[in-house]
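What follows draws every value from the coordinates through simple rules; no lab data is involved. Small disclaimer: the values here were computed from a predicted structure and weren't measured. Reconstructed Cβ throughout: ideal geometry from the backbone, glycine too, with neighbour counts over all protein chains shown.
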Protein chains: 2
Amino acid sequence: MDTRDQLIDSTRELLWERGYVGTSPKAIQQHAGAGQGSMYHHFSGKRELALEAVQRSADELLAAAEAQLRTPGTAVERITAYLRREREVLRGCPIGRLTQDPGIVADPELRAPVDETLTRLRARLAEVLDEGRATGELPAGLDTTALAATVVAVLQGGYVLARAANAPEPFDQAVSGILSLLTAF
Amino acid sequence: MDTRDQLIDSTRELLWERGYVGTSPKAIQQHAGAGQGSMYHHFSGKRELALEAVQRSADELLAAAEAQLRTPGTAVERITAYLRREREVLRGCPIGRLTQDPGIVADPELRAPVDETLTRLRARLAEVLDEGRATGELPAGLDTTALAATVVAVLQGGYVLARAANAPEPFDQAVSGILSLLTAF
DNA sequence: GTCTATACTTGGATAGAC
DNA sequence: GTCTATCCAAGTATAGAC
């Protein structure tokens with residue numbers, strides 16, 4: 001990995017851990033093992049670095065979701081696989097956490113990939129639910145758009161609860177709760 | 001309201017909007033219309049101000065929830081009232097947002113009221129669900145602890161989705177989704 | 001209690017040498 | 001491409017006058 005990539009990767013880590021306002025250029029340089037001049041040679045500054053970093057994390061998140069959702073099985077099985085997959089719960093969601101950052105939401109170009117990622121994720125989950133509805137696994141009248149938003153919200157909110165408690169249990173409980181309702185059909 | 005209270009109140013507003021790492025003593029002073037010396041006379045610094053501010057917001061959140069949950073009606077009706085109540089969705093949750101702040105979670109004394117608030121909220125919702133289960137409104141086998149976590153997670157995650165989209169719709173969808181499942185019993 | 005002055009650190013970036 | 005020097009604003013706090 002070259003210096004440029006290391007800088008982006010370090011930015012991703014720090015954005016995940018400390019957010020945009022909490023991440024300084026100096027911290028990025030130290031994490032990447034790069035000097036001041038090196039960073040400003042490759043990037044115009046913190047913002048440009050963040051743009052690349054956020055985009056990469058966004059792509060990765062959607063790819064990871066797709067890996068669970070495209071497996072064989074019923075709609076509920078695939079959603080279960082997605083919700084139950086191994087996660088670093090206490091670190092939170094690298095994309096969702098950015099929504100709490102004033103430096104991100106105030107900047108349309110930085111917010112855009114965050115918005116797009118969560119919107120696409122909901123759309124993809126709605127597709128899976130649609131398939132379940134089509135096969136009769138799920139009831140015909142189900143509002144799949146709403147339920148897809150609920151599923152993503154349970155994840156994002158589960159992270160919030162786990163971080164507050166400094167323990168993963170509330171996350172697991174929230175997931176169990178929604179799955180018990182979904183498997184009741 | 002005296003100067004001391006104004007400082008706490010300003011801190012609450014700024015913590016809500018910008019988080020702990022994003023809020024400077026100077027910003028607090030300006031928002032409160034108080035001078036430097038005044039602030040440091042009443043408080044040892046930003047951290048002490050935050051301790052008081054977070055505690056007040058926590059108390060207020062629990063009181064607001066209780067206002068909806070103690071109304072007459074079935075369990076699902078009361079939870080519906082709670083979820084559907086008027087909210088400043090795009091501002092997010094003044095307590096939940098703090099879980100994304102490294103300055104809060106890294107400090108046990110600052111994290112404690114956040115943890116306690118969300119834990120109590122889940123416990124209170126579980127009580128309401130227990131009552132519904134006792135009256136036969138909800139099924140006997142229901143895991144009320146898990147479902148309470150789900151309900152709070154939908155709220156917290158709904159805020160995340162709404163802030164990402166810069167629009168309240170995803171929040172409303174997430175709430176609709178969980179309520180449609182709850183009213184299916 | 002509040003004000004102003006002062007101090008030191010960090011944030012964020014530019015300039016020019018190598 | 002990377003390094004060091006430099007710069008100015010902001011963050012966070014202390015000191016002492018009023």
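Among the residues of region A:14-46, count how many are surrounded by fewer than 17 Cβ atoms within 10 Å (Cβ to Cβ), more than 12 Å from DNA strand C (Cβ to nearest atom) and part of a helix (DSSP H, G or I).
So the answer is 1.
Residue by residue through region A:47-62, note down the ones that are more than 9 Å from DNA strand C (Cβ to nearest atom), touching a residue at least 40 places away in the same chain (Cβ under 8 Å) and not polar (S, T, N, Q).
A:50, A:51, A:52, A:53, A:54, A:56, A:58, A:61, A:62
Of (1) within 16 Å of DNA strand D (Cβ to nearest atom); (2) within 28 Å of residue A:149 (Cα to Cα); (3) crowded, with 19+ Cβ neighbours inside 10 Å, residue A:102 satisfies all except one. Which?
(3)
Give the residue, chosen from B:117, B:74, that is surrounded by 14 or more Cβ atoms within 10 Å (Cβ to Cβ) and under 18 Å from the mean Cα position of the chain (by Cα).
Step by step, each of B:117, B:74 is checked, and only B:117 is surrounded by 14 or more Cβ atoms within 10 Å (Cβ to Cβ) and under 18 Å from the mean Cα position of the chain (by Cα).
Residue check, residue B:23 against (1) more than 23 Å from the chain's Cα centre (by Cα); (2) under 25 Å from residue A:21 (Cα atoms); (3) near DNA strand D (Cβ under 9 Å from one of its atoms), all met but one. Which one?
Only one criterion in (1) more than 23 Å from the chain's Cα centre (by Cα); (2) under 25 Å from residue A:21 (Cα atoms); (3) near DNA strand D (Cβ under 9 Å from one of its atoms) is unmet by residue B:23, namely (1).
Read through the list (1) closer than 30 Å to residue B:142 by Cα; (2) within 16 Å of DNA strand C (Cβ to nearest atom); (3) not hydrophobic (A, V, I, L, M, F, W, C), then give the number of the only condition that residue B:82 fails.
Result: residue B:82 fails condition (2) only.
Does residue B:11 satisfy the criteria of being part of a helix (DSSP H, G or I) and either within 13 Å of DNA strand D (Cβ to nearest atom) or touching a strand residue (DSSP E or B) at 6+ places or on another chain (Cβ under 7 Å) (or both)?
Judged against the criteria, residue B:11 is a match.
If you take just the helices (runs of 4 or more DSSP H) that sit entirely in region B:66-185, which of them hold at least 3 residues that are more than 12 Å from chain A (Cβ to nearest Cβ) and farther than 30 Å from residue A:110 by Cα?
Hits in region B:66-185: B:75-84, B:108-134.
Quick test of your reading of the structure: residue B:31 fulfils all but one of (1) more than 15 Å from DNA strand D (Cβ to nearest atom); (2) under 28 Å from residue B:168 (Cα atoms); (3) away from chain A (no Cβ under 14 Å); (4) not small (Gly, Ala, Ser). Name the failing condition by number.
Checking residue B:31 against (1) more than 15 Å from DNA strand D (Cβ to nearest atom); (2) under 28 Å from residue B:168 (Cα atoms); (3) away from chain A (no Cβ under 14 Å); (4) not small (Gly, Ala, Ser), the one that fails is (1).
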